[in-house]
Amino acid sequence: MLKGKHIILGITGGIAAYKCATLTRLLVKAGAEVQVIMTPNAKQFIQPLTLSTLSGKPVISEFFTANTGQWNSHVDLGLWADALIIAPATASTIGKMANGVADNMLVTTYLSAKAPVFVAPAMDLDMMRHPSTVRNLDLLRRYGNHIIEPAEGELASHLIGKGRMEEPENIVKALERFFSQGQDLLGKRVLITAGPTIEKIDPVRYISNFSSGKMGFALAQECAGRGAQVTLVAGPVALDTPHPAINRIDVTTAIEMHDAVMEALPQSNAVILCAAVADYRVENVAEKKIKREKDAAPVIHLTANPDIARAVGQAKHPDQVTVGFALETDNEQANAQGKLERKNLNFIVMNSLRDKNAGFQVDTNKVTIFTDQGEVIEGQCKSKRDVAHDIVDVLHQYLTKK
């Protein structure tokens, strides 16, 4: 998939820069033409001579070549590239990319690049989870960059946590996967629900659940990255819209989500129902805050919310593909397969709260897909972005058949 591709490898000043010798070799071995750009600090961790020998091209670091005064055009480099990889991406460089601080050759080239950009962060765990880094990575996702999530393990500080740059072999796989898919959902319209819904009890209290929306947003980003026009109906979540091709509709209640979905359904080729929708709402919402009584607790009467998945299953036409989610705590397979049939879905994605690192409020998930053709696809625990990739692969197969 990489044969003949023009790849810019941007290396910044982190200890993981040593891995870039292997990354350069693997890219060249795969048939890519590699141009290395290093920040000044990167040269403290790995020698340009090593990388120029492996790539077969002089390494670029400054705007001018010192001995000749030759101008290195960031514009020409940006137009030349089929992909730009920044690995390792330090907190400093991520911040500069997110905020347009073009004070070195690499960031200036990034700002000029027309090609897809892949960012492989590497830093200590406290830097990784600092609010500024989280914000800057969210901004890069919104700009359409592909974030190759760092792994967990022992870091340069000897602490254990998330922040290790992904291994070179996996970075190459991510590139190959991107170029093999291309824009395989181009021209398709995908409707996705994400996050929880909120049902008011009174002006200050509500019924909801622990959904963060991360899985649904990862699915939206995956579909948009593969060329689809995405309508994302999102409950109350603290997430930014991850791609410019996503039309986000914010809702609060299950009824609002139902109405938004049914309005967008006729124009959609596929629907992915990932939201954790409240099954019930309060029958009579109090107009004033319910006061605590000394002896008796208030009695709250509930009534059923619209069943969005069932409504979609009943209204869809034969050319539409519908995907459901089932978060289970017991009898997982039976419950998921029952929902698949009852809701007239093409396939359903099941995950269990009994699996470690799966479910709510985490960045990973482990799912099993059950299809209406009787196929069972077992998944491994992965980042939610990687899980989204696997789910959309199945969706693409259905859309191709349709």
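See the values below:
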{"quantity": "DSSP bridge pairs, the chain: antiparallel proportion in percent, nearest 5", "calculated": "30"}
{"quantity": "Cα shape, region 137-276, gyration tensor, a/c 1.5 rule", "calculated": "oblate"}
{"quantity": "Set K188/K316; K114/K188; K356/K402; K173/K366 screened for pairs whose C-alpha atoms are more than 27 Å apart", "calculated": "K356/K402"}
{"quantity": "Accessible solvent surface per residue of the chain, calculated while the other protein chains remain in place, 1.4 angstrom probe, Å²", "calculated": "48"}
{"quantity": "HN-Hα J in Hz across region 79-89 - Karplus 6.51, -1.76, 1.60, θ = phi - 60°, x for Gly and Pro", "calculated": "6, 5, 6, 8, 7, 10, 10, 10, 8, x, 9"}
{"quantity": "Portion, in percent, of the accessible area of the chain that falls on carbon or sulfur, probe 1.4 Å", "calculated": "50"}
{"quantity": "Sequence-separation-based contact order of the chain, relative, with Cα cut under 8 Å and 6+ spacing, percent", "calculated": "11"}
{"quantity": "Additional length obtainable on full extension of the chain from D307 to D126, 0.36 nm per residue less Cα span", "calculated": "60.9 nm"}
{"quantity": "Partners for K200 among lysines (Cα-Cα distance below 25 Å; same-chain residues under 8 apart left out)", "calculated": "K214, K288, K289, K291, K294"}
{"quantity": "Straight-distance crosslink candidates among aspartates and glutamates, where the alpha carbon sits under 14 Å from K96 and sequence neighbours closer than 8 are dropped", "calculated": "D138"}
{"quantity": "Rounded FRET efficiency, nearest 0.05, which uses the C-beta distance separating N331 from V299 and R0 of 41 Å", "calculated": "0.85"}
{"quantity": "Gap separating the Cα centres of region 363-402 and region 1-60, nearest whole Å", "calculated": "34"}
{"quantity": "Reachable aspartates and glutamates from K29, criterion Cα separation under 12 angstrom, eight or more residues apart if same chain", "calculated": "E169"}
{"quantity": "Calculated FRET efficiency for the pair K291/K114, C-beta based, R₀ 56 Å, to 0.05", "calculated": "0.35"}
{"quantity": "Gained length - H6 relative to M262, 0.36 nm times residue gap less alpha-carbon distance", "calculated": "87.8 nm"}
{"quantity": "Whole-Hz ³J(HN,Hα) from phi, Karplus 6.51 cos²θ - 1.76 cosθ + 1.60, for region 291-305, glycine and proline x", "calculated": "7, 5, 9, 5, 10, 10, 7, x, 9, 10, 8, 10, 9, 6, 7"}
{"quantity": "Taking region 15-114 and dividing mean pair separation by its residue count, relative contact order in percent (alpha carbons under 8 Å, at least six apart)", "calculated": "28"}
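The values are calculated or read from the model by the stated rules, or taken from the named source; none is laboratory data. Quick caveat: nothing in here was measured; it's all calculated off a predicted structure. Reconstructed Cβ throughout: ideal geometry from the backbone, glycine too, with neighbour counts over all protein chains shown. To get the accessible areas, we keep the full protein, side chains included, count just its heavy atoms, and leave off ligands, DNA and RNA. Shrake-Rupley method; radii C 1.70, N 1.55, O 1.52, S 1.80 Å.
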